[in-house]
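K.L.:
Sharing a structure below in structure tokens format, with a few things to ask.
We did not get these values from a lab; they are worked out from the coordinates using the rules stated. All figures in this text were calculated on a predicted structure; none of them were measured in a lab. Reconstructed Cβ throughout: ideal geometry from the backbone, glycine too, with neighbour counts over all protein chains shown.
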Amino acid sequence: MLDLFLWLLIPFLVIPFLLLLVITIWVYKDAKKREMNAFSWILIIWLIPFLIGFIIYLLEKEKFSPERTE
């Protein structure tokens, strides 16, 4: 019974962690490219649950477009 529990538990722990890790790496690289504070955005993504921090980043990153010359 414990083996079945572990096999069901592992995907529910590993897959969200891997998704968060991939999002973190992407946000870090993108924030650096846009000359934003990458460390702050990583903290926001990790501390605000349910991908809300990532959604906030997606909305805010447009203000720091690398093509802008204002």
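K.L.:
Roughly speaking, what is the stretch gain from residue 39 to residue 58, that is 0.36 nm per residue apart minus the C-alpha to C-alpha distance, in nm to one decimal?
P.N.:
5.3 nm
K.L.:
Against the longest alpha carbon principal axis of the chain, how many degrees, from 0 to 90 and to the nearest 10, is the axis of helix 38-47 turned?
P.N.:
40 degrees
K.L.:
Now for a separate question. Say the dipole of the chain comes from +1 at the beta carbon of Lys and Arg and -1 at that of Asp and Glu; which of 17, 4, 39 then lies farthest toward its positive end?
P.N.:
Result: 39.
K.L.:
Residues with beta-carbon under 15 Å from that of residue 41, excluding residue 41: net charge, scoring Lys, Arg +1 and Asp, Glu -1?
P.N.:
Counting the neighbours of residue 41, the net charge comes to +2.
K.L.:
Explain nothing, just the number: relative contact order of the range 2-62, from Cα pairs under 8 Å at least 6 residues apart, as a whole percent.
P.N.:
Rounded, it is 22 percent for the range 2-62.
K.L.:
Using a 10 Å cut-off on Cβ atoms, rank the peptides 48-55, 5-12 from the highest mean neighbour count down.
P.N.:
In decreasing order of mean packing, 48-55, 5-12 become 48-55, 5-12.
K.L.:
A follow-up question, please. Mind putting a number on the dipole of the chain about its Cα centre? Charges go on the C-beta only, +1 for Lys and Arg and -1 for Asp and Glu, and I need it in Debye to the nearest 20.
P.N.:
160 debye
K.L.:
Now for a different question. Multiply the residue gap between residue 12 and residue 47 by 0.36 nm, knock off their C-alpha separation, and tell me the result in nm, one decimal place.
P.N.:
Extending this stretch completely gives an extra 10.7 nm.
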